[in-house]
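The values are calculated or read from the model by the stated rules, or taken from the named source; none is laboratory data. Owing to the predicted nature of the structure, the values given are computational and were not obtained by experimental measurement. Neighbour counts run over all protein chains shown; Cβ positions are idealised from the backbone, glycine included.
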Amino acid sequence: MHDGVPLCLDVTLSNDFEDMARCVAQADSFLAKHDLAPRPLYAVRLTLDEILSNIILYAYLDKEPHEIKLRITLSDRDVRLTFEDDGKPFDPVAAPAPDLSVPMEDRPVGGLGIHMVRDMTKTMRYRRDNHCNVLDVWVERGATEKE
Amino acid sequence: MEFESQKQGNSTVIKVTGRMDAVTAPEFEEKSGEIMEAGNTDFIVDFGSLEYISSAGLRSVLSVAKKLKAKQGGIRFCNLDGMVQEVFSVSGFSSMFPIFDTLEDALAEG
């Protein structure tokens, strides 16, 4: 690790796509300060895209603004992403995997995001805490294969 | 995202550069729709310069593929590289669509 380079980023965003773009850009410039290999960098970006857009699109039953918290923590071994939202309970770890054998014309247009994140990250852990969904996702920095 | 299309024989070769995510994927669908409306329904998508694709990008690919199929057309892909190739494999898209190593191979199939 380089001296003076922060190892943790906290961003709070509201549940709209404009703010999500701002948050992802902030995450990008934070990640750019650390030498991440292409694969973990892709996995982190994909996790941010898929999890945040899922929360924005599906977590809320009302039309009110909500606060989503994101924390990115780097260690020598992995990148940890923590998402916290006050939407309806949703455990992406337990979400059913899409049926990839379905022919093209019968494929539902969607349902892939969580599956891709699950496949490309090392560990995902979900808990419901004080009316909030808290999701931790670990992306391994070094290894190229899922454990 | 940059979107270039070029007619080659009976096929339309579409080259996508940059990122296909929730922000840019609608543009892919829109421009593909224009090409279909002009009567071209044999697509070769060259993803050699695609850096990143999320599930939103895959959704728009699937949506275009379904429309082409409804018009008795088709879509095939070439030059998938690195992480984009992995995403195609993880999502099952590799087994759903014809994929070629090079543009020449994809054209030869047409």
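Per-structure values
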read-out: Filtered residues of the range B:9-51 (kept if surrounded by 15 or more Cβ atoms within 10 Å (Cβ to Cβ), among the hydrophobic types (A, V, I, L, M, F, W, C) and either out of contact with any Phe, Trp or Tyr (no Cβ under 8 Å at 6 or more places or on another chain) or assigned to a strand (DSSP E or B) (or both)); value: B:13, B:14, B:16, B:20, B:25, B:36, B:43, B:44, B:45, B:47, B:50
read-out: Only listed residue being away from chain B (no Cβ under 11 Å), over 19 Å from residue B:86 (Cβ atoms) and touching a helix residue (DSSP H, G or I) at 6+ places or on another chain (Cβ under 9 Å), chosen from A:35, A:16; value: A:16
read-out: Selection status of residue A:43, closer than 19 Å to residue B:87 by Cβ, at the interface with chain B (Cβ under 10 Å from one of its Cβ atoms), in contact (Cβ under 8 Å) with a residue 24 or more places away in the chain and not aromatic (Phe, Trp, Tyr); value: yes
read-out: Condition met for residue A:84 (closer than 20 Å to residue B:54 by Cβ and either under 14 Å from the mean Cα position of the chain (by Cα) or within 14 Å of another protein chain (Cβ to nearest Cβ) (or both)); value: no
read-out: Helices (runs of 4 or more DSSP H) fully within the range B:52-110 counting 3 or more residues that are within 12 Å of chain A (Cβ to nearest Cβ) and among the small types (Gly, Ala, Ser); value: B:55-70
read-out: Residue within the range A:112-123 that is among the hydroxyl-bearing types (Ser, Thr, Tyr), away from chain B (no Cβ under 14 Å) and within 27 Å of residue B:88 (Cβ to Cβ) present; value: yes
read-out: Qualifying residue in the range A:106-127 (condition: farther than 21 Å from residue B:90 by Cα and over 15 Å from the mean Cα position of the chain (by Cα)); value: no
read-out: Pair list, Cβ under 6 Å, 6 or more apart: the range A:111-133 residue part of a strand (DSSP E or B), other residue of a type in the set (D, E, K, R); value: A:125/A:136; A:126/A:91; A:132/A:84; A:132/A:86; A:133/A:85
read-out: Unmet requirement for residue A:125, which otherwise passes all of (1) modelled with pLDDT of 95 or more; (2) surrounded by 15 or more Cβ atoms within 10 Å (Cβ to Cβ); value: (2)
